[in-house]
Each structure stands twice: as C-alpha cells, then as structure tokens.
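*Asks:* Take a look at the following structure, please.
The values are calculated or read from the model by the stated rules, or taken from the named source; none is laboratory data. Note that the structure is a prediction, hence the values are computed from the model and not measured. With ideal geometry, Cβ positions are generated from the backbone for all residues, glycine too; neighbour counts draw on all protein chains shown. Side chains included, ligands, DNA and RNA excluded: accessible areas come from the protein's heavy atoms. Shrake-Rupley method; radii C 1.70, N 1.55, O 1.52, S 1.80 Å.
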Amino acid sequence: MILDKIENEIIAKLKPLKLFKGFQIEPYPIEFKKFAFTSAKGCILVKYNGSDYTKPQTLNVVTQDETLEYAVFLGLRYLKNYRDAYPYIEEIKKNLTGMKIYGKKLYPHTREFVERINGDVFWGYVFRITLPTQEVIDNDDDKNIIPLWS
C-alpha cells in the first residue's frame, strides 16, 4: 500500500542516522497526549496526514496528481535551551528533503514548535510528495485505480 510504503521509507531513512542513535523512531501513536517515549534521548514519530488532489482530467480515464502529506514529529528530552534542538531539527530536513519515492521527491512544507509535554519538547514538520494517479472508468461503471508511479 502506498501510504505504508512512504511512511516506512521515511522511518527507514532516519533510523540509521548517527545523530538519532538511541532515538525511538516509529509510526505516530493513536493518542499522542498519552505517548510516553522510552528513549532517554528522544523520539521521531511519523504519520500520514492526508492528501490533496488536482482538478481531474477526464475522458474515459480520470488523471490527477495526488499530493500526500506526512507529519514528522521530533521529541527531545533534557534540553537546557531550545537551541540544543537545532541540530536535530536540521538533520531531519537535510535527510528527508529530496528523498525519492516512486521517482518523485519528498519536500518540506512547514515546520513549527508543537508543544512541551512533561518536560519533553516537540517540533513538527510537514513533508509532501506529489504523485500522479489514474482512475479508469469502464462501461460498467466499475472503477479501477491505476497508480502511475508503480
């Protein structure tokens, strides 16, 4: 499935990075407010946020671009000041910007401070990737989605 593949590739890209050694890097939990990461250093959580679609081109095939959006949250512990987080924030951007998935590049859209929870400090990125898709409509009104990126 495309959603899992992109999420897994983001996680796989970040896990081996030296700066994130000892970090808990995994999919975003269902209840973020109850999430207590176990790593003494920090965590990175990834989730699919949703998609936007361009206006369709139609004949017997609906062709659209789908822009998928993924949130990447960085949680850090034991900061003396916010400046201590900057290398981690920059490392995420450096490694995910331009990452190719299905021949298209992932790019940052937004980055912001999220909140402080029980002394842990969280920042959030939103990354996007745009992929073309087609939906074939046959005479029986059956629909078959054909990804153009496969």
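*Asks:* Using the structure shown, select from Lys13/Lys104; Lys5/Lys94; Lys41/Lys80; Lys47/Lys80; Lys13/Lys100; Lys18/Lys80 the pairs with a Cα to Cα distance greater than 18 angstrom.
*Replies:* Lys5/Lys94; Lys47/Lys80; Lys18/Lys80
*Asks:* What are the extents of the Cα atoms of region 48-102 along their three principal axes, in Å, largest first?
*Replies:* 60, 19, 13
*Asks:* Keeping all protein chains in place, calculate the accessible area per residue for region 1-90 (probe 1.4 angstrom), answer in Å².
*Replies:* Value for region 1-90: 62 Å² per residue.
*Asks:* Then there's this: Using the C-alpha gyration tensor of region 1-45, what are the square roots of 5 times its eigenvalues, in whole angstrom, with the largest one first?
*Replies:* On the way: eigenvalues 70, 55, 4 Å².
Output for region 1-45: semi-axes of 19, 17, 5 Å.
*Asks:* Using each residue's phi in region 67-75, evaluate 6.51 cos²θ - 1.76 cosθ + 1.60 at θ = phi - 60° and report the 3J(HN,Hα) Karplus result to the nearest Hz, with x for Gly and Pro.
*Replies:* 9, 8, 10, 10, 9, 10, 9, 10, x
*Asks:* Next up: Hey, what do the phi angles of region 116-131 turn into as Karplus ³J(HN,Hα) couplings, whole Hz, using 6.51/-1.76/1.60 and θ = phi - 60°, x for Gly and Pro?
*Replies:* Result, rounded to whole Hz: 10, 10, 6, x, 8, 10, 10, 10, x, 10, 10, 10, 10, 8, 10, 10.
*Asks:* Rounded to the nearest 20 debye, what is the charge dipole size of the chain about its Cα centre when +1 sits on each Lys and Arg Cβ and -1 on each Asp and Glu Cβ?
*Replies:* 1200
*Asks:* Kirkwood Rh over Cα pairs of region 21-85 into Stokes-Einstein at 20 °C, 1.002 mPa s: D in µm²/s?
*Replies:* 145
*Asks:* Under 37 °C and 0.692 mPa s, how fast does region 39-141 diffuse according to Stokes-Einstein, given a Kirkwood radius computed over C-alpha pairs? Answer in µm²/s, whole number.
*Replies:* The estimated diffusion coefficient comes to 207 µm²/s.
*Asks:* As an exercise, use a Förster radius of 30 Å and the Cβ-Cβ distance of Asn95 and Gln134 to find the FRET efficiency, rounded to the nearest 0.05. Mind showing how you got there, number by number?
*Replies:* On the way: r = 31 Å, r/R0 = 1.04.
With a Förster radius of 30 Å, E is 0.45.
*Asks:* Right, next: Compute from the Cα atoms of region 70-125 the Rg and the Dmax, the latter being the longest Cα-Cα distance, and quote both in angstrom.
*Replies:* So, for region 70-125, Rg and Dmax equal 12.7, 41 Å respectively.
*Asks:* When the Cα centres of region 64-93 and region 100-123 are compared, how far apart do they sit, in Å?
*Replies:* Here the answer is 4 Å between Cα centres.
*Asks:* A further question follows. Does a label point 7 Å from the Cα of Asn118, set along Cα-to-beta-carbon, have any residues of region 64-85 with amide nitrogen under 15 Å, and which are they?
*Replies:* Output list for this probe position: 75-78.
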